């Protein structure tokens, strides 16, 4: 059965207060079009998980995020994500640090269906400092408190190999996981070229999974090479065809980063007024994703199209094309 819906219909399934994970990493395969639609629909009090880049930063600037649980907040080479930086410094967003590897370990526990996994990755760091434990504050704003553990971590002595103190990392539970991928079948089978990031962990455990794709194809086509597929249709609830859905980020084998756009965003969003002006142009000034693409223009997008066999646009030394 086809699971293809419009972007607007898919984002209507995101509820205020949901705990949300975006797929992709840094500026690669981030579901930016989905993030823009979330702001356009004015969702509130979301708990954002994982690594934050432009897609997450857009949500923060748009007033959609009450709490962030993660460890990485950067727009790649363009500095710390400006909206989340400003909100963190002003104390108007709850920050609950989770170790970088602990995010993937917690999502792995979710995928495996176990309540926790033992690790030593954050032993000796301030991630385990009780003074920086804001889990209880996150629970105050989360719409579904069952998504959050009772404790951020538990320390215990290794009972098997006498390797000393280990940290028990709770599974990271999700209301919604939104991934942007290269290709998906009309029934939800997903194919990702390049790094999988955390997508397959989140998608196999979240309560609701939305996949936006550069291209939707018949299931009969995508299943001809099952070894290339990484998320089964049984784990996906909705599929949306969104060409250029990660712009201004990149999608391997499809298009490269729009560096001037990313730089403009970083410069514009150093203040809330700057973000609001940016949003008036690129979010509320567009009826939908097609309007966004029309505003960018075909010639600009074509310059970003990936060149074989690289999968991106090669640059000369110094970053100049």
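Read the figures in this text as sums done on the coordinates, not as results from a lab. It should be emphasised that the depicted structure is a prediction, and the values quoted were computed from it without experimental measurement. For neighbour counting, all protein chains shown are included, and Cβ atoms are generated from backbone atoms with ideal geometry for every residue, glycine included.
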> Mean separation of Cα pairs under 8 Å and 6+ residues apart, divided by the residue count of the chain: what relative contact order is that in percent?
Replying inline: 20 percent
>> Sort 201, 252, 292 by Cβ crowding within 10 Å, fewest neighbours at the top.
In response: 252, 292, 201
> Given the Cα-Cα distance of residue 270 and residue 154 and 0.36 nm per residue of separation, how much length would full extension add, in nm?
Replying inline: 38.0 nm
> What is the spin-label model distance, in nm, from residue 280 to residue 234 if the labels are put 7 Å beyond Cα along the C-beta direction?
Replying inline: 5.1 nm
> In deg cm²/dmol and to the nearest 500, what is the mean residue ellipticity at 222 nm of the chain if only DSSP H runs of at least 4 residues count, each as -39500 (n - 2.57), divided by the residue total?
Replying inline: -8000 deg cm²/dmol
> Which peptide among 27-34, 215-222, 186-193 comes first, and what is the full order, when sorted by highest mean count of other Cβ atoms within 10 Å?
Replying inline: 27-34, 186-193, 215-222
>> For a quick check: sort 177, 71 by the number of other beta carbons within 10 angstrom, fewest at the front.
In response: 71, 177
> Roughly how many whole Å is it from the C-alpha centroid of the stretch 197-253 to that of the stretch 156-177?
Replying inline: 29 Å
> Under the classification rounded if a/c is under 1.5, otherwise prolate if a/b is larger than b/c and oblate if not, where does the stretch 7-241 fall, given a ≥ b ≥ c as square roots of the Cα gyration tensor eigenvalues?
Replying inline: oblate
>> Within the stretch 240-267, name every residue whose backbone N is under 20 Å away from a label modeled 7 Å from Cα of residue 291 along the Cβ vector.
In response: 241-248
